[in-house]
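Visitor: Okay, here's the structure, questions in a sec.
The values are calculated or read from the model by the stated rules, or taken from the named source; none is laboratory data. Everything quoted here is computed from the prediction, not taken from an experiment. With ideal geometry, Cβ positions are generated from the backbone for all residues, glycine too; neighbour counts draw on all protein chains shown.
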């Protein structure tokens, strides 16, 4: 059963990623990317890495996607005209991927993927994790935080510049 789930989640990840790349509307692309990231998190959990799966959901599917949507809204990348109601054909890929993820998550919850493998559990306390992260990798954490700060400032500047340009055109 775990092998079937692995291939199913792998297919969901690939299809969602391809749909993300091919969408013209950036908000739709982000929705498909979130779907792919959740499928990837389920794959990590299935492979016996629940902490990595939790990081995948919290950091990538949560925080980074909020940042992407924030940048999309600031830069107004989404089409300006009012969106017509989506047809069933347009909703089919998203609904199908969501249902596959829901079924896969349910099957993973019903069975313990690490139970049959007899994988030795590794425990690291949050204190030990924090000490390792900020002592050994402190510079990398600071570099990433500065990159996120510069990206947010750049998005604000680009959004402000477009807004000023539009106001000048109206005059």
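Visitor: Within the set of pairs 6+ apart or on separate chains, which have a first residue in the stretch 157-171 that is under 14 Å from residue 75 (Cβ atoms), a second that is modelled with pLDDT under 75 and not in a helix (DSSP H, G or I), and C-beta atoms under 8 Å apart?
Guide: So the pair list comes out as 159/76; 162/76.
Visitor: While we're on this one: Can you list the helices (runs of 4 or more DSSP H) lying wholly within the stretch 1-102 that have 3 or more residues being surrounded by 12 or more Cβ atoms within 10 Å (Cβ to Cβ), at pLDDT below 85 and in contact with a helix residue (DSSP H, G or I) (Cβ under 7 Å, 6 or more places away or on another chain)?
Guide: On the way: elements: 2-22, 26-46, 50-55, 65-75.
Once the helices (runs of 4 or more DSSP H) in the stretch 1-102 are filtered for at least 3 residues that are surrounded by 12 or more Cβ atoms within 10 Å (Cβ to Cβ), at pLDDT below 85 and in contact with a helix residue (DSSP H, G or I) (Cβ under 7 Å, 6 or more places away or on another chain), what remains is 65-75.
Matching residues to (1) at pLDDT below 75; (2) surrounded by 12 or more Cβ atoms within 10 Å (Cβ to Cβ); (3) in a helix (DSSP H, G or I):
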site	(1), (2), (3)
129	no, no, yes
133	no, yes, yes
144	no, no, yes
149	no, no, yes
152	no, yes, yes
156	no, yes, yes
159	yes, yes, yes
162	yes, yes, yes
166	yes, no, yes
